[in-house]
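Visitor: What follows is a single structure, and I will ask about it in a moment.
Any read-out appearing in this document is the output of simple, stated calculations on the displayed coordinates, not a laboratory observation. On a predicted model such as this, the values are computed, not experimentally measured, just so you know. Here the Cβ positions follow ideal geometry from the backbone for every residue, glycine too, while neighbour counts run over all protein chains shown.
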């Protein structure tokens, strides 16, 4: 069970008590992600996320921040996405108030010292280099460029070298004031929490006292997206990393459950089609996996693999062939049942983790503006039929997009390999 409370300042609070644990997680998420940034300041939300742990009103230095969290035996972290930024603390229930104090002070009262800003620029530029040196991660970024083009949703969260270098204290404060206000945030608290709702609300009102604002929830216009179809990066690597996929709708679509099941059947497990054929039968890859990426208004299903530099063409043809076999041969009931059971199992496991619960409730409310408890998800998965999944397969498995990193990858070679010639399936 959960309860949603809206405070007088517009801040939404979601309580998810769990008696089976002695720990809790408090997470606050803001509807402020990389798609809200302008090109000249790309990466500023990710930068601000870093700066919230560099000194605050109560804890002046990075050491003071770290030492305080150690003193209560807790964990803290933050992450920036394309549609949000989130911060959390996870600790034992006896430190409930200290966690709220710590989180609010870091986010609402960061000192943003100029010396730390300059140091953090170097840190993030090194982080940027790290991404460039990890092709299995970088290739996903290139795939989003291929499928979303120059749109905001297609650009990397971390920003670019020039935009990171241009960040200043004034620009950070400007973006903080514009997006970090109560109506644009959700706090979720899950796990072992006080059995006194009034006490919890009083503590949140005490510590999360935002600067007054007349702003309302950040409403984003849906931008037009024009993909590049194929993006490649030639790089000296021991293996080539590839991503092949197709556009679908995002998380607000009524087809969401069928799309999740389709991706799971295609390549979301060790018994899936991609794993069984690309790895086990053909021996083309150690790692191969298919997933559904679901932003609110945009989405895609894509398969990633790391393959021998001499077998890129064969691997791409084989991945496209597996997609097309879904259309020519259809699905079977056993695959659908297994996919549902995998979701049932992962939901049951995730519900034991207060961090997962806090994140799930907060981000669903923030992005979708609704609450869908994890235990309710399975009921909806169970309503999806094989025909439902085949309908979305027929609708979306077409117009393939590709990204690749390796020493000999090229657009000219990839283009004919992702040409689609499938025949629609008819459910038996």
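Visitor: What base-10 log of the normalised intensity I(q)/I(0) is obtained for the stretch 288-428 from the Debye formula, alpha carbons as equal point scatterers, at q = 0.18 Å⁻¹?
Guide: Treating every Cα as an identical point scatterer, log10 I(q)/I(0) equals -1.16.
Visitor: Okay, moving on. Considering only C-alpha atoms, what is the centroid distance from the stretch 10-70 to the stretch 225-255, in Å?
Guide: 30
Visitor: Counting only DSSP beta bridges with both residues in the chain, tell me the antiparallel percent, nearest 5.
Guide: Details: 49 of 60 bridges.
Here the share of antiparallel DSSP bridges comes out near 80 percent.
Visitor: Nearest 10 degrees is fine. How inclined is helix 354-363 to the longest principal axis of the chain, computing both from alpha carbons?
Guide: 80
Visitor: Could you order peptides 32-40, 341-349 by the average number of other Cβ atoms within 10 Å of their residues, highest first?
Guide: Details: 32-40: 19.2, 341-349: 13.8.
Ranked from most to least packed, the peptides come out as 32-40, 341-349.
Visitor: Hey, rough spin-label estimate for residue 314 and residue 130, points 7 angstrom out along Cα→Cβ, what's it come to in nanometres?
Guide: With each label point 7 Å from Cα toward Cβ, the separation is 3.6 nm.
Visitor: In the stretch 37-195, if every C-alpha pair distance is counted and binned at 10 Å from zero, what percent goes to each bin?
Guide: Once binned at 10 Å, the Cα pair distances of the stretch 37-195 give 9, 35, 34, 18, 3.
Visitor: Moving on. In vacuum, with every alpha carbon of the stretch 221-355 counted as one equal point scatterer, what does the Debye formula give for log10 I(q)/I(0) at q = 0.10, 0.11, 0.15, 0.17 Å⁻¹? Two decimals, please.
Guide: -0.38, -0.46, -0.83, -1.02
Visitor: Order 244-257, 406-419 from most to least packed using the mean count of other Cβ atoms within 10 Å. Mind showing how you got there, number by number?
Guide: On the way: 244-257: 19.5, 406-419: 15.4.
The peptides rank, most packed first, as 244-257, 406-419.
Visitor: Dividing the alpha-carbon radius of gyration of the stretch 45-115 by 2.2 N^0.38 Å (N being the number of residues), what value is obtained?
Guide: Details: Rg = 11.9 Å, N = 71, 2.2 N^0.38 = 11.1 Å.
For the stretch 45-115, the normalised Cα radius of gyration comes out at 1.07.
Visitor: How far is helix 169-179 tilted, in degrees, relative to the longest principal axis of the Cα atoms in the chain, given as a value from 0 to 90 rounded to the nearest 10?
Guide: The answer is roughly 80 degrees.
Visitor: Output the relative contact order of the stretch 3-207, whole-number percent, from Cα pairs under 8 angstrom with separation of 6+ residues. Present the calculation step by step, with values, prior to reporting the outcome.
Guide: Details: 336 pairs, mean separation 80.4, N = 205.
With pairs under 8 Å counted, the relative contact order is 39 percent.
Visitor: Most exposed first by the Cβ proxy, i.e. fewest other Cβ within 10 Å, how do 71, 318, 163 rank?
Guide: Ranked by crowding around the Cβ, least crowded first: 71, 163, 318.
Visitor: So how tilted is helix 256-267 from the main axis of the chain? Cα-based, degrees 0 to 90, rounded to 10.
Guide: The angle comes out at about 60 degrees.
Visitor: If you find the alpha carbon centre of the stretch 160-211 and of the stretch 339-410, how far apart are they in angstrom?
Guide: 27
Visitor: Still on this model: List the relative contact order of the chain as a percent without decimals, with contacts defined as Cα pairs under 8 Å and 6+ residues apart. Each step should come with its number before you reach the end.
Guide: On the way: 790 pairs, mean separation 90.1, N = 428.
Averaging sequence separation for qualifying contacts and normalising by length gives 21 percent for the chain.
Visitor: Okay, moving on. Send over the semi-axes of the stretch 314-353's equivalent ellipsoid, whole angstrom and largest first, taken as the square roots of 5 times the C-alpha gyration tensor eigenvalues.
Guide: 30, 15, 5
Visitor: Could you order the peptides 270-278, 110-118 from most to least packed, using the average number of other C-beta atoms within 10 Å per residue? Each step should come with its number before you reach the end.
Guide: Details: 270-278: 19.3, 110-118: 15.4.
Answer by packing, highest mean first, reads 270-278, 110-118.
Visitor: I need 50, 76 ordered by Cβ neighbour count within 10 Å, fewest first. Don't jump to the answer; show the numbers that get you there.
Guide: Details: 50 17, 76 21.
Starting with the residue having the fewest Cβ neighbours, the order is 50, 76.
Visitor: In percent, how large is the relative contact order of the stretch 176-334, given Cα pairs closer than 8 Å and 6 or more residues apart? Display every interim value, and only then the final one.
Guide: Numbers: 172 pairs, mean separation 34.9, N = 159.
Relative contact order here is 22 percent.
Visitor: Taking the square root of 5 times each eigenvalue of the Cα gyration tensor, what semi-axes in Å does the equivalent ellipsoid of the chain have, largest first?
Guide: 39, 27, 19
Visitor: Could you tell me the calculated FRET efficiency between residue 225 and residue 94, based on Cβ-Cβ distance and R0 = 45 angstrom, to the nearest 0.05? Write down the numbers at each step before the final one.
Guide: Values: r = 48 Å, r/R0 = 1.08.
With a Förster radius of 45 Å, E is 0.40.
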